[in-house]
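S.K.: Okay, here's the structure, questions in a sec.
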Amino acid sequence: MLTPVLAPPSVAVIGAGPAGLMAAETLALAGVPVDVYDAMPSAGRKFLLAGKGGLNLTHDEPAPAFVGRYRERAAVLAPLLADFGSETLRVPPRAGLRSSRPPGGAREDLGRPGVFLRDWARGLGVETFVGSSGRVFPVDMKAAPLLRAWIHRQRQQGVRFHMRWRWTGWGDDGALRFETPAGAQAVRPGAMVLALGGASWARLGSDGAWVPWLRASGVDVRALEPANCGFDIGWSAHFSARHAGAPLKTVAIEWDDAGDGADPPVRRRQKGEFVVTATGVEGSLVYAASAALRQTLARDGQATFHLDLLPGRDAAFVAAEVARPRGTRSLATHLKSRLGIDGVKMGLLHECVPRETLADPAALARAIKALPLTLRRCRPLDEAISTAGGVRFEALTPGPQTPLMLHARPGVFCAGEMLDWEAPTGGYLLTACFATGRAAGAGAAAWWRAQAGIQTRPEA
Ligand SMILES: Cc1cc2nc3c(=O)[nH]c(=O)nc-3n(C[C@H](O)[C@H](O)[C@H](O)COP(=O)(O)OP(=O)(O)OC[C@H]3O[C@@H](n4cnc5c(N)ncnc54)[C@H](O)[C@@H]3O)c2cc1C
């Protein structure tokens, strides 16, 4: 029989966002000692900010549609999401955890991350609901109660938190270096999980400073770029002064998506709303198209989407209404009375449509149904909701024993937004952070156990 001579040191989780916290919980549940380090004074600052928008935790939809949201990374994330979503089916629920699955619904729910996340939140005393769009929110739409309960539970599980510890890379001796309130510290963990986030909203902690340190270690990191971001168009001073901040409600946009090498690109259409900014556009509908638009911008130097100002009216109806005689009435009065177009919608027509087109009813009707808006650049990464790019999956072991471990640094696992995937808003960001956090935590636990096994000797 083998007995441990010396347990390896604890596992270091660096980054106390949703990915790092999920990794820490997974390690603690596996009986592995965990120390969590974060540069900020408190954990989960971006998670708390997400709570200001209602905390869209996940999405309730069948696994194939869910996984497809991760575009080019759907294939590599699919097994991690499936494993995460099937967690409640593989392990007995912990005390106090009631499943949100209807009786007999287990088979269909297999691999649905949304179902697992709802059960997990309920285990923390947070009930959730599914909105009409399929988005899942806590009933109170807040992040703070969930985060508080989660950290409390982790402390009870023995997780130690070290706040205001900023990791600054590896020393020449291989130890982790930290700047702390007590000065420089070095730590030699038994394994580590990096969950450092992307590089948007740097004031909340994730600043992308890790990119050169990982690259210097031989890790392939794709350049960080804005995802779910706004775009600059370059409005006239007149339009910007009058309409910046105005919402465009219930419109539709169409754009070409060449993601995953689609040739010809797929034409996509989505209904929703967005906001006119001082320099361009931002908001949920624009974010939905932002990955494809950013890729087109990088390739062509500009990207165009078409805006349907009246998605509830078909082209023939709009053409007939615009063509009605307007007598001495102005164009603005005519369009308002016939089609309800006014305010920022009318402003956009004046801004974007040549004078001759405004005077041509058939051409004007076409512009109302498909107004081209040409984007010049993405808004800066710091303003974006999330980050594209990051540690490439090719730089990581695929598992199943030690998933998400850096080839270049055995024993170092990565999770969350610092990995090279992106997804639209709708709960997909947090779900992938949780799922990769759990996978990296499980991988680090397996690695730690293997180290403990190495340091064994036959019992006397
Ligand atoms: C305004 C806004 C609203 C959002 N709303 C939603 C939503 O409703 N639903 C959704 O799914 N997603 C939402 N997101 C995205 C979601 O919050 C992120 O995808 C998620 O927080 C990323 O988790 P993470 O753990 O990978 O990184 P982060 O949450 O960024 O955490 C990384 C942690 O690492 C720490 N860290 C970084 N570098 C160091 C270092 N060198 N040393 C020590 N610590 C370090 C940081 O301080 C931070 O605590 C929103 C984002 C924003 C900006």
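S.K.: I'd like the accessible area for Val67, computed on protein heavy atoms only with a 1.4 Å probe and all protein chains in place. Round to 10 Å², please.
M.R.: Looks like 30 Å² after rounding.
S.K.: Rank these residues by their accessible area, most exposed first, probe 1.4 Å: Asp38, Asp308, Asp360, Asp263.
M.R.: Asp263, Asp360, Asp38, Asp308
S.K.: At 1.4 Å probe size, what's the solvent-accessible area of Trp213? Round to the nearest 10 Å².
M.R.: Roughly 80 Å² of Trp213 is accessible to a 1.4 Å probe.
S.K.: OK, next. Please state the equivalent ellipsoid semi-axes for region 142-240: what are the square roots of 5 times the Cα gyration tensor eigenvalues, largest first, in whole Å?
M.R.: Result for region 142-240: semi-axes of 33, 23, 13 Å.
S.K.: Could you look at the chain and say what percent of its accessible area is carbon and sulfur, using a 1.4 Å probe and all protein chains?
M.R.: For the chain, the apolar C and S fraction of the accessible surface comes to 54 percent.
S.K.: Can you flag which of Lys46/Lys271; Lys142/Lys249; Lys249/Lys369; Lys46/Lys345 are past 23 Å Cα-Cα?
M.R.: Too far apart for the 23 Å limit: Lys46/Lys271; Lys142/Lys249; Lys46/Lys345.
S.K.: Next up: Between Thr397 and Gln270, take the C-beta separation as r, use R0 = 41 Å, and let me know the FRET efficiency to the nearest 0.05.
M.R.: 0.65
S.K.: Separate question: Expressed as a rounded percentage, what relative contact order does the chain have, with Cα pairs under 8 Å and six or more residues apart?
M.R.: Reported as a whole number, the value is 24 percent.
S.K.: Remind me, relative contact order of region 208-342 in percent, using alpha carbon pairs under 8 angstrom and six or more residues apart?
M.R.: It rounds to 23 percent for region 208-342.
S.K.: Scanning the chain for GluC sites (Glu not before Pro) in DSSP loops with at most 13 other Cβ atoms within 10 Å, what's the longest stretch left with none?
M.R.: It runs 128-458.
S.K.: Next up: What is the antiparallel percent of DSSP beta bridges lying wholly in the chain, to the nearest 5?
M.R.: Counting DSSP beta bridges with both partners in the chain, the antiparallel share is about 75 percent.
S.K.: P(r) for the chain, please, calculated from all Cα pair distances in 10 Å bins and given in %.
M.R.: Each 10 Å bin holds this share of Cα pairs: 4, 19, 27, 22, 15, 8, 4, 1, 0, 0, 0.
S.K.: Hey, another quick one. Could you tell me the accessible area of Asp260 in Å² (1.4 Å probe, neighbours in place), rounded to the nearest ten?
M.R.: 120 Å²
S.K.: Once you list every other residue whose beta carbon is under 11 Å from the beta carbon of Cys229, what net charge do they have if Lys and Arg are +1 and Asp and Glu are -1?
M.R.: My count for the surroundings of Cys229 gives -3.
S.K.: For region 395-446 and region 166-244, compute the distance between their C-alpha centroids and round to whole Å.
M.R.: Using only Cα atoms to place each centre, the spacing works out to 16 Å.
S.K.: Moving to a separate point now. Show which aspartates and glutamates lie in cross-link reach of Lys336 when reach means a straight Cα distance below 13 angstrom and same-chain residues fewer than eight apart are skipped.
M.R.: Glu321
The values are calculated or read from the model by the stated rules, or taken from the named source; none is laboratory data. As the structure is a computational prediction, the values presented were derived from the model and not from experiment. We place every Cβ from the backbone using ideal geometry, glycine too, and count neighbours over all the protein chains shown. Protein only, heavy atoms only, side chains kept; ligands, DNA and RNA dropped before computing areas. Shrake-Rupley method; radii C 1.70, N 1.55, O 1.52, S 1.80 Å.
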